[in-house]
Amino acid sequence: MSPNIFDNSHIMIPLDVLVMIVFAILIFAIGVAFTRVGSKDGQAFFEAGGDTPWWINGLSLFISYFSAGTFVVWGSIAYKHGVVANVIQLTMAISGIIVAMFVAGKWKRTGTRTASEFIGLRFDIKTQQFYTVLVLFLSLAHTASVLYPVGKMVQLATPFSLNTCIVVIGLVVILYTAAGGLWAVLVTDVVQFIILMAAVVIVIPASLADVGGMQQFINKAPAHFFEPFNEDYTALFMLAFVGYQTYYIGGNWAYVQRYTSVSTERNAKKVAYLFAALYLISPLVWMLPPMIYRVINPSLEGLEPEGAYMMLCQRVLPAGLIGLVLSGMVSATSSKANTTINLAATVFAKDVYKNLIRPLSSDREQIFVARLFTVVFGIATIGVALLIPRLGGIVELVLSIASIAGGALFAPIIWSLYSKRITAFSVVFTTLLTLSVCLYFKLLHPVFFQVKLSRMLETSIGVFLPLLSLFAFESYYRSINRLSSSALQFESEPPVVKAITVGVKQQNAFGVKVIIIAAIVVGAGIFVLGLLAKNDLVVMVVGAVILILALLAGARISMTSGRSTVALPDATKNRKGN
């Protein structure tokens, strides 16, 4: 590829803009495609039918876990510290394996559709309301933290302001999430995964060619650039971060839906194992370009390293491909944002509106409320995203959320999946204790004593304090031989598992077909971009591979559907699977 060095105006040419528009229309069309079915069937809108293919949920979990924040937050760390960023990303693979082995199947075994529903049944309505409020506030911050970085990326390549980019991208995400519900989120996640992988694979050979090859990159890299730890990100920090990621992957309410919306416990575990496998590979790919840019331009300071990835793309990619890379980053961000917004809407409609305001509301009414809340909540997240530069930048925000809220909100609920002794009081006390201590050390301790805790200590407190509190409660209840009455009631009266209807099976098949058609469009589009980029071989090969795989998958689906008929499973079948 020939270098395409942009001037300080950072303005994309019309072809790049056209590419972004086409892919944006594709993603929005997918959301609209699920509007009709989602409007009629609450099971389809909120649960995706409860029988989604595990590989779709696994890809959705992976792409939902990551966003343009991967390129901005961890990309900034990769630019400044090198391999440390790869090691941080690998902690997510370790956590994914832990969740697959010990947590994902447990969620499916509960028979509940959401974490909120589980809390209401396992404890009581007041505990459910307590966690609902906290999780909605956390979701607000998390969604804002993924809208900001993609706005930053688009700003670097367009004449628009950062605030304009955040608002426009946020509105697009809100509209298609409101349209189609969970199935729209899952399908767009898979398509966004394809776009993002293609974009990143194309960037790597171009960036290596610009720096003179891998050996030149290694030779010119700064000292200590390939060491796995440093003063800020120590081995103990990585260990604590594994704990945080385990809580987050296993207990975040949005991700719990990925485990509960498949058919069996075995498939729930497969979802987490696929996530872990992808995160074993992806850090090697994602973090290389900003590391290379450190060699090309070592002069970035302050918050400038947040834009290192996009600056590299502007330097090495020809016309049209910058639009593709931005589409990939927007897609990844949309995935994480739509997952969180969909979760917030589901929780509000099911656990606030139906339980507290309108107990007799119909499915249609709940779906309408969920869509309305999606818009309101989405607009609020846009407002928070606009404030991030005043909060110290995206890296500080993301790591602060991790240290303060992850263990406090999710560790107690994961513990309750295993314990029959833990009570509502003990989980609420643990959450309040952890939040109070973490907020004190984050906000007040530096003011009173002019001493700020290291990232390792901040994260360790957030991870290990809830464990100590829960262990103390567990030990006390065991010493007096006390079991939780709500846990015994939940065990004796499990939730009723809805039978999977013909409509759900048909929607599953429709979802897979939409993925295949979208993949064909994406593959063909990337191949055409390769032709336009002076017959760029790498781009053409990437497009051709996607196109061929999509066509083969489509042929296989057609043959399978031709030989089989829809069969309804026995509603009384054991939820545990095989």
Per principal axis, largest first, the Cα atoms of region 88-147 extend in Å by 38, 32, 14
Overall Cα dimensions of region 220-259, principal axis frame, Å, largest first: 45, 22, 11
Go from 0 up to the bin containing the longest alpha carbon distance in region 136-245, width 5 Å each, and give me the % of pairs per bin. 2, 8, 9, 12, 16, 18, 16, 11, 5, 2, 0
With θ taken as phi - 60° and the coefficients 6.51, -1.76 and 1.60, list the Karplus ³J(HN,Hα) couplings across region 24-29 in order, rounded to whole Hz; mark glycine and proline as x. 5, 5, 4, 5, 5, 4
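For region 189-293, what does the accessible surface come to per residue with a 1.4 Å probe? Please give it in Å².
Values: 3560 Å² over 105 residues.
I get 34 Å² per residue for region 189-293.
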27 Å Cα-Cα threshold exceeded, pairs from Lys126/Lys452; Lys80/Lys534; Lys80/Lys452; Lys126/Lys269; Lys269/Lys513; Lys80/Lys270: Lys126/Lys452; Lys80/Lys534; Lys126/Lys269; Lys80/Lys270
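How large is the Kirkwood hydrodynamic radius of region 216-369, in angstrom, based on all distinct alpha carbon pairs? Write down the numbers at each step before the final one.
Details: mean 1/r = 0.0506 Å⁻¹.
Here the Kirkwood hydrodynamic radius works out to 19.8 Å.
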For region 52-94, just run the numbers: alpha carbon Rg, then divide by 2.2 N^0.38 Å, N being how many residues it has. 1.37
Taking the Cα centre of region 142-273 as the origin and placing charges on Cβ (Lys, Arg +1; Asp, Glu -1), which of Pro205, Phe225, Ala254 is farthest toward the positive end of the dipole? Ala254
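Under a Cβ-Cβ cut-off of 10 Å, what is the net charge of the residues other than Asn297 that fall near it, where Lys and Arg count +1 and Asp and Glu count -1?
On the way: positive: Arg294, Arg315; negative: Glu304.
In short, +1.
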Enter the Cα centre distance for the pair region 54-111 and region 277-293, rounded to the nearest angstrom. 13 Å
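Please give the FRET efficiency for Ser436 paired with Phe471, using the beta carbon to beta carbon distance and R0 = 25 Å, rounded to the nearest 0.05. Write out the running numbers ahead of the final one.
Numbers: r = 19 Å, r/R0 = 0.74.
My answer for the efficiency is 0.85.
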Rounded to the nearest whole number, the per residue volume of the convex hull around the C-alpha atoms of region 413-529 in Å³ is 204 Å³
Highest mean packing first, using Cβ neighbours within 10 angstrom, the peptides 293-301, 354-362, 21-29 sort as 21-29, 293-301, 354-362
What the Cα atoms of region 69-189 span along the principal axes, largest first and in whole Å, is 51, 37, 28
Gain in span if fully extended, Trp55 to Arg482, counting 0.36 nm per residue against the direct Cα distance: 149.6 nm
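Run through region 403-475 and list the trypsin sites (Lys or Arg not before Pro) located in a DSSP loop whose Cβ has at most 13 other Cβ atoms within 10 Å.
Numbers: sites: Lys420, Arg421, Lys442, Lys452, Arg455; in loops: Lys420, Arg421, Lys452.
Within region 403-475, the qualifying trypsin sites (Lys or Arg not before Pro) (loop, at most 13 other Cβ atoms within 10 Å) are Lys452.
What are the semi-axes of the equivalent ellipsoid of region 258-324, taken as the square roots of 5 times the eigenvalues of the Cα gyration tensor, listed largest first and rounded to whole Å?
Computed over region 258-324, the values are 36, 14, 11 Å.
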Report the calculated FRET efficiency for Arg364 and Phe510 (r = Cβ-Cβ distance, R0 = 25 Å), to the nearest 0.05. 0.80
Once both label points are put 7 Å beyond Cα along the C-beta direction, the Lys126-Val32 separation in nm becomes 4.9 nm
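Give, in nm to one decimal, the length gained when the segment between Ser299 and Arg556 is fully stretched (0.36 nm per residue of separation minus the Cα-Cα distance).
Values: separation 257, 0.36 × 257 = 92.52 nm, distance 5.18 nm.
Length difference between fully extended and current span is 87.3 nm.
At a Förster radius of 41 Å, what calculated FRET efficiency corresponds to the Cβ-Cβ distance of Ile357 and Leu236, to the nearest 0.05? The partial results should precede the final answer.
Values: r = 47 Å, r/R0 = 1.14.
Rounded to the nearest 0.05, the efficiency is 0.30.
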So the carbon and sulfur contribution to the accessible area of region 71-164, 1.4 Å probe, in percent, is 69 percent
Shape descriptors of region 452-499 over alpha-carbon atoms, Rg and Dmax in angstrom, are 17.6, 54
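Within the accessible area of region 211-361, what % is carbon and sulfur when the probe is 1.4 Å and the other protein chains stay in place?
Details: 2980 of 5010 Å².
Exposed carbon and sulfur together represent 60 percent of the surface.
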Under the classification rounded if a/c is under 1.5, otherwise prolate if a/b is larger than b/c and oblate if not, where does region 336-388 fall, given a ≥ b ≥ c as square roots of the Cα gyration tensor eigenvalues? prolate
Whole-percent carbon and sulfur contribution to the accessible surface of region 411-497 (1.4 Å, no ligands, DNA or RNA) stands at 70 percent
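The values are calculated or read from the model by the stated rules, or taken from the named source; none is laboratory data. Not measured: the values here are computed from a predicted model. FYI the Cβ positions are ideal-geometry reconstructions off the backbone, even for glycines, and counts take in every protein chain you see. Surface areas here come from the heavy atoms of the whole protein model, side chains and all, with no ligands, DNA or RNA. Shrake-Rupley method; radii C 1.70, N 1.55, O 1.52, S 1.80 Å.
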